[in-house]
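The values are calculated or read from the model by the stated rules, or taken from the named source; none is laboratory data. Keep in mind that this is a model prediction, so the values were computed, not measured. Counting neighbours? That spans all protein chains shown, and the Cβs are built from the backbone with ideal geometry, glycine included.
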Amino acid sequence: MNTLSRMRSPVLLAALAVLSAAVSPVIAHHSFSIYNAEVTKVYTGVVTRVNPDANHLQIFFAPMNAERKNVERGPDGKPLIWAVEMTGSAAAAAQGISVNSFPPGTIFSVGMHPLRSGEQAGSREGNLYKCPAKTPPAAGKHCDSVDGSTKHGEGALAIPKD
């Protein structure tokens, strides 16, 4: 083994060690253990804002009441706000989900696994459906039942599971 090869070996080993140390937090970041995969909630709500983060796009929304006439409100009279986390912005945009296609006021339906902590957020499960502008579904129904709704993703709307 020549001198140059002997010098490269420790450098290569050090680089591999640094790389493997960096990969571990990235893998941990993508752990979904904070979500309760045993429970699936399905909401129809009104978009309040979209956070187009590169890692995980989030839609913040106010769930609609069962009659689909208004949004659910807390004891203070303010709308309850939930957040659903999805894939990165580029992957979501490929499914037609973006800041521009889901502006505030958009009515949509989504299934999600809620946070184990009980906070009002969850990880998207299944398809997402967007109702036509200003056209909520009938009482107790979701956007997948509305003529003219659009599907974003593959498959059907998630099925609720407690």
Got a number for residues in region 53-70 being modelled with pLDDT of 95 or more and under 20 Å from the mean Cα position of the chain (by Cα)? 8
Determine which member of the set Ser117, Ser123, Ser145 is out of contact with any Gly (no Cβ under 9 Å at 6 or more places or on another chain), surrounded by fewer than 16 Cβ atoms within 10 Å (Cβ to Cβ), farther than 19 Å from Arg68 by Cβ and polar (S, T, N, Q). Ser117
Tell me the strands (runs of 3 or more DSSP E) entirely within region 88-162 that contain at least 2 residues that are of a type in the set (Val, Ile, Thr) and touching a residue at least 60 places away in the same chain (Cβ under 8 Å). 107-114
I need a count of the residues in region 61-85 that are touching a residue at least 24 places away in the same chain (Cβ under 8 Å), part of a strand (DSSP E or B) and hydrophobic (A, V, I, L, M, F, W, C). 6
